[in-house]
Amino acid sequence: ASTLVLAEHEGGSIKAQSLSAVVAANSLSQDNPISLLLAGSGSSLHQAAEKAATCHPSISQVLVADSEKFAYPLAEPWAKLIQLVQLKGDYSHVIATSDSFGKNILPRAAALLDVSPVTDVVDINGPRQFISSPLQVEYYTPHAHFSYIPDTGIRYGYQENGQALHQKYFGVRSMSTNWPIYAGNALCTVRYTGANPCMLTVRSTSFPVPPISVDSKSGGASISEVDLSTLDEDSVGKSRFMKLSSQDTGRPDLGSAKIVVTGGRALKSAENFKMIEKLAEKLGAAVGATRAAVDAGFVPNDLQVGQTGKIVAPELYMAFGVSGAIQHLAGMKDSKIIVAVNKDSDAPIFQVADYGLVGDLFEVIPELLEKLPEKK
Amino acid sequence: MKIMVAVKRVVDYAVKIRIKPDKSGVETQNVKMSMNPFCEIALEEALKIKESGLAKEVVAVTMGPSNCVDTLRTGLAMGADRGIHVEAARDLVPLSVAKVLKKLVEVENPGLLILGNRAIDDDCNQTGQMIAALLGWPQGTFASKVVLDKEKQVATVDREVDGGLETLCLDLPAVITTDLRLNQPRYATLPNIMKAKSKPIKKYTPEELNVEIKSDLEVVQVTEPPKRKAGVILSSVDELIDKLKNEAHVI
């Protein structure tokens with residue numbers, strides 16, 4: 001066995017979630033040399049490669065693809081690169097994280113290699129058996145707000161009148177009818193029976209990176225350049241990166257923050273949402289939002305926590321005015337401590353909260369702002 | 001320009017379905033099926049482009065057993081000009097769907113292929129990327145805005161990515177997969193539902209298209225994840241701060 005991990009880098013370092021993919025690769029089998037593939041151009045790429053070589057003892061090789069073609073994370077050249085590297089290295093597994101980078105690129109590469117990838121893996125039972133994510137998608141109609149769990153057909157949600165939609169199900173081979181209403185989602189165990197490589201995207205929050213002692217590294221992995229002279233240019237250049245609009249708020253990154261403060265639709269307006277931001281600043285926390293809050297235009301889409309947004313697992317998760325739609329719970333229920341503040345004592349968020357407070361967030365947040373100790 | 005849209009038939013959300021007593025499966029008789037919500041958004045976007053004069057024809061494609069024609073009829077009632085049904089006995093993995101689509105693209109020559117970013121029954125999020133790879137076309141996945149330029153033959157696509165909104169410029173022909181914020185799909189009106197009955201649907205089989213259907217994934221089981229147990233309801237902000245400080249030690 002040997003595994004190729006697709007890594008992302010930023011500012012001369014490999015991203016934390018890429019290390020999670022290494023942890024996942026490491027759990028496939030004992031004897032499993034890991035090659036890390038980094039692509040980009042310029043000095044920050046080589047800096048990242050140097051760091052990657054010593055960042056995890058299981059990495060035996062760092063492959064560097066240096067070309068202007070990889071300056072942006074475009075699927076077209078990246079998929080060709082993976083194909084090229086796979087044909088040379090004949091890896092048994094190819095792993096990426098299931099973030100917007102991995103989900104965009106890995107299936108494209110899989111089609112070039114004529115194999116079926118497994119999306120959103122949360123656990124590995126052996127080299128060919130994986131537990132795929134809680135499968136679910138959130139969907140809105142003008143009248144209802146509900147979540148849907150594909151493969152199981154279970155849906156859960158609220159209608160505008162507050163009435164809960166009951167769960168439905170279909171296509172499940174063995175499942176009791178006593179499906180949990182609030183915490184319910186499904187884990188699907190799949191076996192890969194196809195040819196090499198077996199391709200996976202993994203949830204980074206499901207494969208936490210343990211602290212790695214600096215002493216354990218003995219010289220680190222070898223770094224080698226990928227020979228790009230045979231890179232198939234077909235379809236490369238047909239897509240061009242124009243821009244990335246993101247707001248640099250100076251707050252910690254949502255995916256890796258120790259504390260996350262989230263607001264839901266109950267905040268009512270973008271103006272009111274600033275209260276959440278203030279509270280986050282006081283706690284040194286990242287700001288999150290529900291899909292409803294993003295759709296209502298209170299905050300940009302990159303703050304969305306949930307199945308169709310970001311999956312987070314901080315030490316402390318504070319949810320204000322969040323009902324707890326199943327797709328939202330899927331994005332935060334691995335948090336260590338969950339605090340929920342909601343007017344509605346029946347809100348499903350209370351089913352997963354360690355500490356619940358039934359009350360008006362417009363009273364609770366100002367009181368918290370006043371009484372919470374200053375961070376740092 | 002012609003736009004091809006792939007639509008998938010899935011169980012409708014409003015239907016209450018029962019598991020068979022022997023747990024061998026689910027009662028599927030008399031169950032209402034509908035178009036996958038992401039596919040509805042894909043079709044809506046194609047229709048909007050046609051209405052703006054940038055496309056001449058919208059062709060809806062589906063794959064599966066004969067009853068998938070119902071989903072095609074829905075698409076035709078929404079406004080698609082004609083349908084293509086590829087009859088397949090069982091569920092197809094995304095790679096097989098992509099291979100069938102590739103053959104259809106070779107027959108139809110569309111200038112744009114729009115799909116939902118995923119279907120709500122298997123949540124794979126793969127088909128669009130795969131068909132783009134097989135065709136050698138550029139891809140714009142998770143689109144929340146699409147602007148076509150007919151003269152330059154390009155599509156400018158805003159994509160919802162982890163870091164915010166990414167804007168790409170794609171040479172046509174291209175593959176676009178839709179995210180939920182792209183548009184609000186229309187309802188089919190009664191006159192259009194009547195009209196849809198006479199719109200043409202062409203049938204193929206995978207064999208006719210020379211595609212071998214296989215699967216390299218096997219579902220072992222579907223289980224319930226560990227449940228998180230509910231905690232305590234507190235009575236005041238002071239109590240909350242106290243618990244966070246002295247019990248949970250997180251602030």
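Only the coordinates and a few stated rules stand behind these numbers; no lab work does. The model shown is predicted, which means the values in this text are computed figures rather than measured ones. Quick reminder, even Gly has a Cβ in these numbers, built from the backbone with ideal geometry, and neighbours come from all protein chains shown.
Working from label points 7 Å from Cα in the Cα-to-Cβ sense, the residue A:371 to residue A:230 distance is 6.8 nm.
Sequence-ordered 3J(HN,Hα) estimates for region A:290-300 from the Karplus curve with 6.51, -1.76 and 1.60 and θ = phi - 60° stand at 7, 4, 4, 5, 5, 4, 6, x, 5, 9, x Hz, glycine and proline given as x.
For the protein assembly as shown, the alpha carbon convex hull comes to 157 Å³ per residue, rounded to a whole number. Among B:236, B:34, B:215, the residue with the largest mean-square fluctuation in a Gaussian network model of chain B, with springs joining Cα atoms closer than 10 Å, is B:236. Partner aspartates and glutamates whose Cα lies under 12 Å from the Cα of residue A:336, excluding those fewer than 8 positions away in the same chain, are identified as A:315, A:354. Exposure proxy shown here: for A:92, B:66, the number of other Cβ atoms within 10 Å sets the order, fewest to most, as B:66, A:92. Spin-label model, residue B:209/residue A:209: points 7 Å from Cα along the beta carbon direction are separated by 4.2 nm.
Ordering B:113, B:198, B:155 by the projection of their Cα atoms onto the charge dipole of chain B, which places +1 on the Cβ of Lys and Arg and -1 on the Cβ of Asp and Glu, puts B:198 at the extreme positive end. Relative to one another, the C-alpha centroids of region A:1-61 and region B:134-185 are positioned 30 Å apart. In a reduced charge model with +1 at each Lys and Arg Cβ and -1 at each Asp and Glu Cβ, the protein assembly as shown shows a dipole moment near 1400 debye about its Cα centre.
Full extension of the chain between residue A:362 and residue A:44 gives 109.9 nm of extra length, using 0.36 nm per residue less the Cα-Cα distance.
Once both axes come from the Cα atoms, what is the angle between helix B:69-78 and the longest principal axis of chain B, in degrees from 0 to 90, rounded to 10? Rounded to the nearest ten degrees, it is 90.
Of the cross-linked pairs A:51/A:238; B:2/B:203; A:310/B:245; A:310/B:243; A:310/B:229; B:99/B:145, those separated by over 29 Å at the C-alpha level are A:51/A:238.
Amide H contacts of residue B:233: A:356, each under 5 Å away and 5 or more positions distant or on a separate chain (H built 1.01 Å from N in the peptide plane; Pro and chain starts excluded).
With the simple spin-label model, which puts each label point 7 Å out from Cα in the Cβ direction, the residue A:243 to residue A:274 separation comes to 2.4 nm.
Between residue B:91 and residue A:92, take the C-beta separation as r, use R0 = 25 Å, and let me know the FRET efficiency to the nearest 0.05. My answer for the efficiency is 0.40. Taking other Cβ atoms within 10 Å as a rough exposure proxy, B:63, B:1 sort from fewest to most as B:1, B:63. Cβ crowding within 10 Å ranks B:54, A:283 as B:54, A:283, fewest other Cβ atoms first. Computed from the C-beta positions of residue B:48 and residue B:195, the FRET efficiency with R₀ = 25 Å rounds to 0.85. Per-residue Karplus couplings for region A:3-19, computed as 6.51 cos²θ - 1.76 cosθ + 1.60 with θ equal to phi - 60°, are listed in order as 10, 9, 10, 7, 10, 9, 9, 8, x, x, 9, 7, 6, 4, 5, 5, 5 Hz, Gly and Pro entered as x. Pairs from the list B:102/B:199; A:103/A:243; A:333/B:103; A:258/A:371 with a Cα-Cα gap above 31 Å: A:333/B:103.
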